[in-house]
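Chemist: Here's a structure for you.
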Amino acid sequence: MDQIWQMLGENSSFLLNGVLTTVGLTILGFGGALVIGTIVAVFRVSPITPLRVVGTAYVEFFRNVPLLTLLILIVFGLPDIGLLFPLFWCGVLGLVLAGSAFICETVRSGINTISVGQSEAARALGMSFGTQLRLIILPQAFRTMVQPLVNNFIGILIGSSLASAVGVSDITNVTQQLNIRYAEAVVLFLLSGAVYLVFALGAGGVGSWLERLVSRSRIGSAR
Amino acid sequence: MHTFSRRGLLYVAAGSSAAVALAACSSGAPPTPVGSGSASGPTNSNRQISQDAYDAVIKSGPVADASVVSASTWATKIKGQGYIKRGGTTTGAIFSLKDPTTGRISGFDAGIGDLLAHYITGGADVSKLTQVAQTSVDTRETMLQNNTVDIVVATYSITLPRAQKIAFAGPYYSSGDSIQVKADNTTIKSVTDLAGKKLVTESNSTAITAIGKYVPGNTPTLFADNDSCVAAVQQGRADAYVLDESILLGNAVKNPDLKVVGTPFTIDPYGVGVSKDDPAVKAFVNTFLQKIFDSGDWLKLWKATVGVYVEAAPSAPKIGSVPGS
Amino acid sequence: MAANTATRVLFDEPGPRGRTRILISTVVAVVLVVLLVSGAVWQFAVHGQLAAYKWQFFTYSAIVRALIVDGIGNTFLATGVAAVVAFPLGLVLALGRLSKQPALSRVSTAWIEFFRSMPMILVVYAFLLALPRFGLVLPVFWMLVVPMILVSSASTAEVFRAGIKAVDKGQWEAAQSLGMGPGLVLTHVVLPQAFRIVLPNLLTGLVSLLKDSTLGYVVSYGELMQQGKELVAYYHYMIQTYLVIALIYVLINWLLTRLASYLQVRMGTRRVAAAPVVVDLEPAQ
């Protein structure tokens with residue numbers, strides 16, 4: 001037992017860094033994926049055919065490529081064509097690319113739930129495309145998107161662990177290193193498992209709370 | 001958005017030419033491998049382990065008398081099954097590397113396994129002498145203890161904690177961790193210069209422990225295999241790569257932009273791991289090792305594998321000279 | 001103009017000026033796309049990555065065999081075996097979670113929530129690095145497949161649970177009023193309908209499993225990624241090898257997703273809001 005405390009003490013900042021790296025990967029990955037995913041969703045439904053094609057190709061590629069393969073390509077492939085990013089940002093990039101393909105589909109189904117009358121009314125009032133999207137469509141679409149977005153978030157959290165296989169020192173990677181050095185498998189794996197469990201359950205909790213919030217503030221039904 | 005869609009396209013663009021290449025699937029012998037790493041092309045040194053030379057070494061190795069084999073229940077079992085189950089790897093440069101096109105595994109560790117199998121079975125087809133089961137740093141002892149494999153030959157350092165669980169024959173090779181840097185690096189000359197530097201090593205290696213011991217407070221970046229670590233140094237993701245010296249020397253031969261600095265700062269005597277159940281097994285393998293040391297087959301194997309990349313030939317270590325062996 | 005709902009929500013039916021604008025935007029977009037594609041190809045070219053020998057490599061029969069026959073074969077084997085165990089296990093867990101027995105329900109819920117939140121790679125490391133210390137070493141195939149089963153059983157359970165709940169309550173009541181026992185109702189009325197509903201989602205689950213099998217790279221089981229690792233270790237064409245592998249995965253998964261959409265349309269069912277397929281960043285459909 002003393003041995004375990006000693007190990008945890010000696011490596012507290014290493015472990016903390018691992019947790020922070022996981023959190024950073026997840027938050028930056030999710031944030032980036034949300035932005036890119038929304039833009040690609042607009043691409044996919046725009047009347048401009050080339051944008052649709054690009055949007056569809058983007059989604060089909062990044063939704064179907066395994067994240068580990070994508071990360072290896074980013075970390076080891078891109079430098080071969082002159083694009084070298086720090087490892088952490090390679091991880092973020094992989095999560096943004098893969099995550100945005102899924103979030104794009106979430107957003108698209110969300111927009112699909114809005115009745116055409118809503119936007120026709122907005123346009124009749126002379127709202128610009130951006131204003132319409134920001135004030136009328138996305139807020140309403142968001143209601144049906146909360147739960148899928150939480151799932152996207154948890155997916156990105158769990159996906160961030162794959163960055164450990166390409167050298168990013170997230171909590172999974174730290175666990176692996178300390179396990180080789182100290183052979184305290186049980187404690188280490190319980191610890192890192194708990195990190196994911198806490199964040200995933202936490203995200204689920206925040207999601208339910210958000211869902212209650214948006215359903216309470218429901219003024220006129222979207223349909 | 002700009003960069004992202006651009007990258008998406010980049011995959012698509014490059015992919016279509018790959019698809020064309022696959023579609024035009026022709027047969028014939030695959031090309032010989034060239035130097036590793038990103039920027040290198042076919043102009044690089046083409047030194048590599050020759051499968052034919054390797055096979056010749058194995059076939060010329062000693063074969064035990066039938067009486068020697070029948071005196072050992074372990075060897076009798078192996079002779080009966082016709083091959084040795086060796087715990088090891090398929091991606092270990094110089095020591096145990098698989099040619100994906102032929103499925104053949106060659107290298108110094110592979111050779112020790114093949115020579116031992118040849119010694120016991122006398123089999124003439126080198127490709128059938130051993131079957132390799134993938135092992136990791138954490139699975140080797142257990143796989144020997146529960147007889148999943150007959151032997152482990154996998155740059156397997158002899159240590160006292162391990163020797164409590166399994167038995168080590170040998171050592172058959174003495175190596176140590178060394179440091180690889182870019183050829184133009186002048187700041188790193190020995191292990192003392194590594195403090196505060198960005199280090200890489202293989203995720204399955206004992207170099208992690210060595211770094212923890214000799215460069216306190218440094219946490220290396222871990223990659224799955226030698227090539228990834230080489231790429232990390234070449235691409236500037238890391239200042240230095242710590243691993244077994246022979247592998248690093250091999251990398252330096254294949255990649256002129258890399259070099260090895262200093263002498264090994266750890267001593268890693270490699271042993272052949274066998275089960276502790278029957279003490280006679282260790283003695284049997286030791287007899288075999290002494291035989292190939294004396295007959296010169298050990299040196300021939302070294303020349304056909306490590307010696308392709310490293311100039312100075314070593315002398316064979318003394319059996320049982322290391323605590324735990 | 002036959003556009004889908006989302007398009008009509010976001011964009012007005014174009015008038016003459018609108019049509020001109022769309023035409024101009026289309027031309028601009030095409031030019032941009034062409035520029036980006038050629039920029040990417042240029043980037044490959046200037047770094048010597050388009051050299052013919054680096055791509056011709058993939059036309060040699062031995063390399064094709066290593067990737068397609070061995071690699072994809074083992075990927076399918078691992079995915080198939082994992083699915084055959086994980087999907088029925090998922091159904092059992094879903095029924096467990098929905099069960100009225102508190103103990104059974106709690107155990108199933110705990111299992112599902114735990115493995116839904118666990119990254120597969122962490123489970124793999126547990127089997128690769130931790131359990132051997134306690135004397136448990138699985139063959140590499142099972143070191144990959146058992147974690148696949150554990151993780152997939154949890155997400156599949158949620159798919160089944162959503163499917164069962166999507167079957168109209170009236171079905172239960174009607175069947176019970178005919179004198180059928182709960183077991184009979186489940187097996188003869190509810191589950192057949194639930195299966196129809198979840199079939200597309202199960203295919204998505206299969207895609208997830210196939211992606212998870214890439215962790216063979218970590219345990220050194222000879223699926224597609226591990227074959228790639230071995231090819232790179234021997235031939236060193238990193239970006240080319242992994243690009244080809246990425247495209248193979250995209251193609252296989254794309255076909256599976258197409259099949260899911262086809263089934264969905266054919267059966268005339270909307271995909272129910274199922275739980276996330278973990279690791280896969282999969283949203284509820």
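The values are calculated or read from the model by the stated rules, or taken from the named source; none is laboratory data. In this text, all values refer to a predicted model and were calculated from it rather than measured experimentally. FYI the Cβ positions are ideal-geometry reconstructions off the backbone, even for glycines, and counts take in every protein chain you see.
Chemist: Take A:Phe61 and tell me if it is more than 19 Å from A:Val195 (Cβ to Cβ) and among the aromatic types (Phe, Trp, Tyr).
Modeler: Yes; evaluated as a whole, the condition is true for this residue.
Chemist: If C:Ile164 passes every condition in (1) crowded, with 18+ Cβ neighbours inside 10 Å; (2) under 25 Å from B:Thr142 (Cα atoms) but one, which one does it miss?
Modeler: (2)
Chemist: I need the full set of residues from segment A:131-181 which are away from chain C (no Cβ under 11 Å) and not polar (S, T, N, Q), in order please.
Modeler: Within segment A:131-181, A:Arg134, A:Leu135, A:Pro139, A:Phe142, A:Arg143, A:Gly167, A:Val168, A:Val174, A:Arg181 meet the criteria.
Chemist: Let me ask something else. Determine whether A:Leu71 is out of contact with any helix residue (DSSP H, G or I) (no Cβ under 9 Å at 6 or more places or on another chain) and more than 8 Å from chain C (Cβ to nearest Cβ).
Modeler: Answer is no for this residue.
Chemist: Output the helices (runs of 4 or more DSSP H) that fall wholly within segment B:219-319 and possess 1 or more residues being buried (at least 23 other Cβ atoms within 10 Å of the Cβ) and outside the structural domain of B:Lys98 (by TED's automatic domain parsing), or say none.
Modeler: Per the criteria, B:226-234, B:245-254.
Chemist: Working carefully through the options C:Phe44, C:Phe115, find the one that is surrounded by 18 or more Cβ atoms within 10 Å (Cβ to Cβ) and farther than 30 Å from C:Val159 by Cβ.
Modeler: C:Phe44
Chemist: Considering (1) at the interface with another protein chain (Cβ under 8 Å from one of its Cβ atoms); (2) part of a helix (DSSP H, G or I); (3) surrounded by fewer than 24 Cβ atoms within 10 Å (Cβ to Cβ), say which one A:Leu84 fails and leave the rest.
Modeler: The single condition A:Leu84 does not satisfy is (2).
Chemist: For B:Leu194, indicate whether it is outside the structural domain of B:Ile94 (by TED's automatic domain parsing) and either closer than 22 Å to C:Val218 by Cβ or in contact with a Phe, Trp or Tyr (Cβ under 9 Å, 6 or more places away or on another chain) (or both).
Modeler: So B:Leu194 fits the description; yes.
Chemist: Consider only pairs whose beta carbons are under 6 Å apart and that are at least six residues apart or on different chains; among these, list those whose first residue lies in segment C:29-43 and is at negative phi and whose second residue is basic (Lys, Arg) and crowded, with 16+ Cβ neighbours inside 10 Å.
Modeler: Once the first residue is at negative phi and sits in segment C:29-43, its partners that are basic (Lys, Arg) and crowded, with 16+ Cβ neighbours inside 10 Å give C:Leu36/B:Arg6.
Chemist: Would you mind telling me which numbered condition in (1) modelled with pLDDT of 85 or more; (2) within 29 Å of the chain's Cα centre (by Cα) C:Gly39 fails?
Modeler: Evaluating C:Gly39 over (1) modelled with pLDDT of 85 or more; (2) within 29 Å of the chain's Cα centre (by Cα) leaves (2) as the failure.
Chemist: Given (1) surrounded by fewer than 24 Cβ atoms within 10 Å (Cβ to Cβ); (2) more than 9 Å from chain A (Cβ to nearest Cβ), where does C:Val250 come up short, assuming only one miss?
Modeler: Checking C:Val250 against (1) surrounded by fewer than 24 Cβ atoms within 10 Å (Cβ to Cβ); (2) more than 9 Å from chain A (Cβ to nearest Cβ), the one that fails is (2).
Chemist: While we're looking at this one, here's another question. Any residue in segment A:69-89 that's free of Cβ contacts under 8 Å to residues at least 40 places away in the same chain and of a type in the set (Asp, Glu): show its pairings with residues that are crowded, with 21+ Cβ neighbours inside 10 Å and in a loop (DSSP other than H, G, I, E, B) at Cβ separation under 7 Å, as long as the two are six or more apart or on different chains.
Modeler: A:Asp80/B:Ser38; A:Asp80/C:Gln49
Chemist: OK, next. Take the residues in segment C:67-112 that are charged (D, E, K, R) and surrounded by 17 or more Cβ atoms within 10 Å (Cβ to Cβ); name whichever of them is nearest to C:Ile252 (Cα to Cα). Please lay out each step first, then the result.
Modeler: Step one: list which residues in segment C:67-112 are charged (D, E, K, R), which gives C:70, C:97, C:100, C:106.
This time we only want the ones that are surrounded by 17 or more Cβ atoms within 10 Å (Cβ to Cβ), so: C:70, C:97.
Numbers: C:Asp70: 15, C:Arg97: 33 Å.
Within segment C:67-112, the match that is nearest to C:Ile252 (Cα to Cα) is C:Asp70.
Chemist: Just checking, how many residues over segment A:1-56 are part of a helix (DSSP H, G or I), without any contact (Cβ under 8 Å) to a residue 60 or more places away in the chain and among the hydroxyl-bearing types (Ser, Thr, Tyr)?
Modeler: The number of residues fulfilling the criteria is 4.
Chemist: Okay, moving on. Residues A:Val166, A:Val150, A:Val174, A:Val187: which one is touching a strand residue (DSSP E or B) at 6+ places or on another chain (Cβ under 9 Å), surrounded by 15 or more Cβ atoms within 10 Å (Cβ to Cβ) and of a type in the set (Val, Ile, Thr)? Full working, then the answer.
Modeler: Values: A:Val150 fails: touching a strand residue (DSSP E or B) at 6+ places or on another chain (Cβ under 9 Å); A:Val174 fails: touching a strand residue (DSSP E or B) at 6+ places or on another chain (Cβ under 9 Å); A:Val187 fails: touching a strand residue (DSSP E or B) at 6+ places or on another chain (Cβ under 9 Å).
Among A:Val166, A:Val150, A:Val174, A:Val187, only A:Val166 is touching a strand residue (DSSP E or B) at 6+ places or on another chain (Cβ under 9 Å), surrounded by 15 or more Cβ atoms within 10 Å (Cβ to Cβ) and of a type in the set (Val, Ile, Thr).
Chemist: Looking only at residues in segment C:85-126 that are basic (Lys, Arg) and assigned to a helix (DSSP H, G or I), which one is nearest to the other protein chains (Cβ to nearest Cβ)?
Modeler: C:Arg116
Chemist: Examine segment C:195-216 for a residue that is more than 14 Å from chain B (Cβ to nearest Cβ), more than 16 Å from the chain's Cα centre (by Cα) and of a type in the set (A, V, I, L, M), and state whether such a residue exists. Break it down into steps so the answer makes sense when it comes.
Modeler: Restricting attention to segment C:195-216, the residues satisfying the condition of being more than 14 Å from chain B (Cβ to nearest Cβ) are C:195-213.
Those still in the list that are more than 16 Å from the chain's Cα centre (by Cα) too: C:195-197.
When the remaining residues are screened for being of a type in the set (A, V, I, L, M), the result is C:197.
For segment C:195-216, residues more than 14 Å from chain B (Cβ to nearest Cβ), more than 16 Å from the chain's Cα centre (by Cα) and of a type in the set (A, V, I, L, M): present.
Chemist: Of the residues B:Val272, B:Val242, only one is closer than 27 Å to B:Val308 by Cα and within 14 Å of chain A (Cβ to nearest Cβ); which?
Modeler: Numbers: B:Val272 fails: within 14 Å of chain A (Cβ to nearest Cβ).
Step by step, each of B:Val272, B:Val242 is checked, and only B:Val242 is closer than 27 Å to B:Val308 by Cα and within 14 Å of chain A (Cβ to nearest Cβ).
Chemist: Another one. What about A:Val168, is it among the hydrophobic types (A, V, I, L, M, F, W, C) and assigned to a helix (DSSP H, G or I)?
Modeler: The answer is no for A:Val168.
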